[in-house]
Amino acid sequence: MRPEDVPGLPEGVPEQLQSEGIEELYPPQAEAVEAGVTEGESVLASIPTASGKTFVAELAMLSSVQRGGKALYIVPLRALASEKKAEFERWEAFGIDVGVSTGNYDSDGEWLASRDIIVATSEKVDSLIRNNAPWVSDLTCVVSDEVHLVNDAHRGPTLEVTLGKLRKINPGLQVVALSATVGNADEVAEWLDATLVESDWRPIDLKMGVHYGNAISFDDGTQREVPVGKGDRKTAALVADTLEEDGSSLVFVNSRRNAEAAAKRLKDVTARALTEGEKSELAELAQEIRDVSDTETSDTLANCVAKGAAFHHAGLAAEHRSLVEDAFRDRLVKAVSATPTLAAGVNTPSRRVIVRDWRRYDGEFGGMKPLDVLEVHQMMGRAGRPGLDPYGEAVLLAKDSETRDELFERYIWADAEPVRSKLAAEPALRTHLLATVASGFAHTREGVLDFLGQTLYATQTDEPGRLERVTDAVVQYLDVNGFVDVEDGQITATPVGHTVSRLYLDPMSAAEILDGLEWAADNRDENLRKLDGVASATSEPQQTGEFQRASEMVSNDEGTYESETTYPTALGLFHLVSRTPDMYQLYLKSGDRETFTEECYEREPELLGKVPSEYEDVRFEEWLSALKTARLLEDWAGEVDEDRITERYGVGPGDIRGKVETAQWLLGAAERLAGELDLSSVVAVREAKKRVEYGVRDELLDLAGVRGVGRKRARRLFEAGIETRSDLREADKSVVLAALRGRRKTAENVLEAAGRRDPSMDDVDEADADVPAATFERASGRQSHGGDGGDDGDDPQEQASLGDFG
DNA sequence: CCTAGGATCAAATAACGCTAGGCGT
DNA sequence: TTATTTGATCCTAGG
């Protein structure tokens with residue numbers, strides 16, 4: 001089938017496709033067209049990755065818009081949203097507007113009403129429905145990318161419920177679902193009332209095999225000799241082998257540490273294959289990586305990249321990740337070792353994929369658990385770049401012949417597991433049931449069950465009555481906690497219940513937060529007394545005028561308290577939100593248990609709630625890991641350097657950012673809840689939220705609110721005597737310029753953002769801006785001495801690293 | 001005969017990912 | 001539960 005044979009497309013689109021080099025549709029694509037995707041028919045395309053799924057979706061959306069409709073593309077990851085948007089934007093020439101909506105962007109989504117194609121994550125879509133986004137009822141086509149994710153215990157139910165709601169709102173809605181090959185695609189298709197298009201076809205051949213001894217055995221019966229010298233590592237040998245044919249390798253491992261260790265070893269292999277030109281480009285890239293963040297992780301990554309290897313995991317800052325991804329795609333970086341982040345994320349194909357670790361530690365499982373077939377298939381599917389490689393190779397590693405045979409059985413010959421709905425789990429139902437009631441999809445127990453009866457879960461369950469039981473338990477939970485009222489069989493959301501639903505909080509998080517804030521109100525006086533007692537007993541450390549000192553103070557384990565005690569304290573609030581189920585737990589590492597037990601008793605008056613007994617093992621452990629998270633946030637909001645934090649808590653720069661973002665969100669929600677219930681803590685909550693947002697101590701809140709001023713610049717301005725936004729408008733320009741390290745352009749931008757009438761720096765003499773030469777040198781030691789407070793790196797980055805969320 | 005460096009072994013250590021609100025100067 | 005790292009001990013080659 002050729003593009004011009006596809007019915008229903010807007011005029012000019014087939015020509016555009018041809019000019020992109022698309023002469024002929026791939027067989028599965030043609031099959032989807034024959035099934036009517038461009039004529040409003042629902043289709044489930046269950047085909048391998050990189051075989052043109054997105055294209056099927058594009059055809060469907062274009063034709064739907066052509067008929068006067070509006071399309072929604074649901075992505076599984078935020079990172080994919082912008083990638084898809086960029087892809088769809090080439091249709092703007094045909095009068096089609098594209099909009100993206102993910103967590104960070106707009107909230108009400110009103111402006112999306114005018115867009116023809118909207119890209120959003122499933123959570124965002126869910127949230128938009130909860131907030132009654134008006135345009136949702138205008139949708140005529142919805143695309144669900146990676147629908148097999150309904151199988152995911154954590155995020156699957158959201159997708160499942162969201163698709164259900166969309167179909168309920170728009171009865172005739174066309175559903176185009178894209179899925180990896182799974183065991184029960186027919187079942188999923190039936191649930192969606194869609195025609196199934198299933199195929200193993202790939203645009204480029206994929207050879208799967210296992211390396212054992214001195215050779216890889218492939219599934220097509222061929223072998224390839226890859227000798228492993230003694231002392232050598234298998235992975236290194238395989239990477240070197242690919243390199244000989246000028247191909248790049250992607251290595252999947254099961255932990256961050258392993259990813260870093262593997263990259264360190266691989267760099268010696270890749271270094272040998274670099275040209276002079278590549279070396280200098282890589283050196284540049286390494287510098288860019290160093291500039292992203294001043295941490296050990298960043299440094300190690302830069303060292304590897306300089307030699308042509310890299311690692312990739314969620315502990316990296318987002319900028320790190322995309323730098324690595326881009327460089328790998330451009331074939332500058334020859335080998336990447338990665339945790340599964342890379343298997344599901346943005347497209348990073350590679351000539352050879354090596355799945356080194358196929359088991360991963362799982363506490364609940366009680367040992368090393370083999371990965372799902374689907375997951376391994378996703379990894380292997382990254383092999384082979386269409387149009388560039390003759391074929392792709394995916395290799396598993398075995399150290400004995402028994403393992404080799406097992407790997408063939410388990411992963412190469414095996415079909416992926418069937419997709420199974422995880423909706424009937426209590427945590428999932430808790431939030432979705434409340435939302436269903438709050439946004440008016442159901443008002444009675446029967447109504448709720450009726451709605452749930454149309455989900456995939458209902459078509460799959462072999463355990464009748466389970467859904468009813470869990471539903472009843474959850475309704476009762478919501479009732480007891482005051483989120484719904486149950487009367488005469490009618491279930492209605494209370495005002496708080498409505499707010500919780502709209503805030504997108506897990507009701508259990510909301511309950512925890514409300515309990516904590518109410519507890520604080522009841523125990524305020526007693527705890528304030530304790531706090532003041534402690535503060536005077538520890539005796540305020542001498543002058544706190546000097547910044548270095550002040551920052552030491554907070555990070556010090558001795559514990560220091562602000563004298564003008566606000567209550568609840570920031571730490572108390574950080575701990576409160578850290579112990580909700582919406583905040584991911586930080587691991588307690590060896591030694592942490594003691595450290596934080598001690599800390600817990602020391603800081604007890606600040607914590608909002610009763611400390612669980614040490615004998616309640618699980619609860620106490622959770623309490624402590626929440627405290628660890630809270631201390632991390634407190635350090636961040638106390639201007640402790642990024643590298644100190646990563647070192648102290650054993651996390652990567654990306655983790656800090658993740659925690660900070662979540663805390664910001666939850667504190668925002670807490671602020672709303674406190675306001676709604678008229679609790680006195682609103683002000684304290686707002687301040688704590690602002691402090692994590694900017695990563696500053698309270699005296700800098702005003703300054704850090706100015707655009708272009710992050711935690712570091714704010715501190716330097718403050719040191720220079722400019723303490724507020726209005727000081728910025730009045731101050732001597734040369735002082736501002738000096739505080740900003742003599743960067744004229746930055747200074748002008750800052751002044752303008754602060755609302756100064758004459759931001760120009762043209763009339764300021766360089767000599768006036770007495771820039772200490774030493775500050776341009778990178779501080780080598782961790783503790784920088786000297787009075788200039790020169791604790792950070794160079795100008796553009798100091799803002800870019802983490803201070804710059806806005 | 002001593003030392004540096006490598007090899008070997010036992011003990012210690014740590015083990016994936018990530019979505020979400022809404023204010024505004 | 002397991003793979004990797006770390007640290008201690010032992011061995012060997014070379015001075």
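A few points about this structure:
- Between residue A:233 and residue A:264, the contour length at 0.36 nm per residue exceeds the alpha carbon distance by 9.9 nm.
- In a fully extended conformation the segment linking residue A:686 and residue A:450 would gain 80.9 nm over its present Cα-Cα distance, using 0.36 nm per residue.
- Note on surface exposure: A:589, A:124 rank A:589, A:124 by accessible area, highest first, 1.4 Å probe.
- Along the axis of the charge dipole computed for chain A (Cβ charges of +1 for Lys and Arg, -1 for Asp and Glu, origin at the Cα centre), the listed residues A:374, A:113, A:740 are led at the positive end by A:374.
- Annotation: extensible slack from residue A:283 through residue A:414 equals 42.8 nm (criterion: 0.36 nm per residue apart, minus Cα-Cα distance).
- Descending semi-axes in whole angstrom, ellipsoid equivalent of region A:1-59, from the Cα gyration tensor: 17, 14, 9
- Each residue was assigned an accessible area with a 1.4 Å probe, and for residue A:702 the value is about 70 Å².
- As a calculated quantity, the FRET efficiency between residue A:729 and residue A:566 at R0 = 25 Å, using C-beta atoms, amounts to about 0.35.
- Over chain A, relative contact order from alpha-carbon pairs under 8 Å, at least 6 apart, %: 9
- For region A:703-719 and region A:9-34, distance of Cα centres in Å: 53
- Helix-only [θ]222 nm of chain A, DSSP H runs n ≥ 4, -39500 (n - 2.57) each, per residue, nearest 500: -14000 deg cm²/dmol
- Take chain A and mark each of the GluC sites (Glu not before Pro) that is in a DSSP loop with at most 12 other Cβ atoms within 10 Å; the longest unmarked stretch, sites excluded, is A:25-244.
- Cα-based Rg of chain A normalised by 2.2 N^0.38 Å, two decimals: 1.01
- Based on C-alpha pairs under 8 angstrom that are at least 6 apart in sequence, region A:289-400 has a relative contact order of 21 percent.
- Those residues of region A:304-344 whose amide nitrogen sits under 12 Å from the label point placed on residue A:275, 7 Å along Cα→Cβ: A:332
- Taking the DSSP beta bridges with both ends in chain A, the antiparallel portion is around 25 percent.
- Note on chain A: with charges restricted to the Cβ of Lys and Arg (+1) and Asp and Glu (-1), its dipole about the Cα centre is near 1000 debye.
- Value of relative contact order over region A:691-750, rounded to a whole percent, pairs C-alpha under 8 Å and six or more apart: 29
- Rolling a 1.4 Å probe across the protein heavy atoms gives chain A an accessible surface of 43 Å² per residue.
- Cβ-derived FRET efficiency at R0 30 Å, residue A:314 paired with residue A:186, nearest 0.05: 0.30
- Residue A:513 sits with roughly 0 Å² accessible to a 1.4 Å probe, with DNA, RNA and ligands left out of the calculation.
- Across the options A:282, A:629, A:218, the greatest Cα extent toward the positive end of the charge dipole of chain A (unit charges at beta carbon of Lys, Arg, Asp, Glu) belongs to A:218.
The values are calculated or read from the model by the stated rules, or taken from the named source; none is laboratory data. Computed from a predicted model, the values in this text were never measured in an experiment. Backbone-built Cβ (ideal geometry, glycine too); neighbour counts: all protein chains shown. In case anyone asks, the SASA skips ligands and DNA or RNA and just uses the protein heavy atoms, side chains included. Shrake-Rupley method; radii C 1.70, N 1.55, O 1.52, S 1.80 Å.
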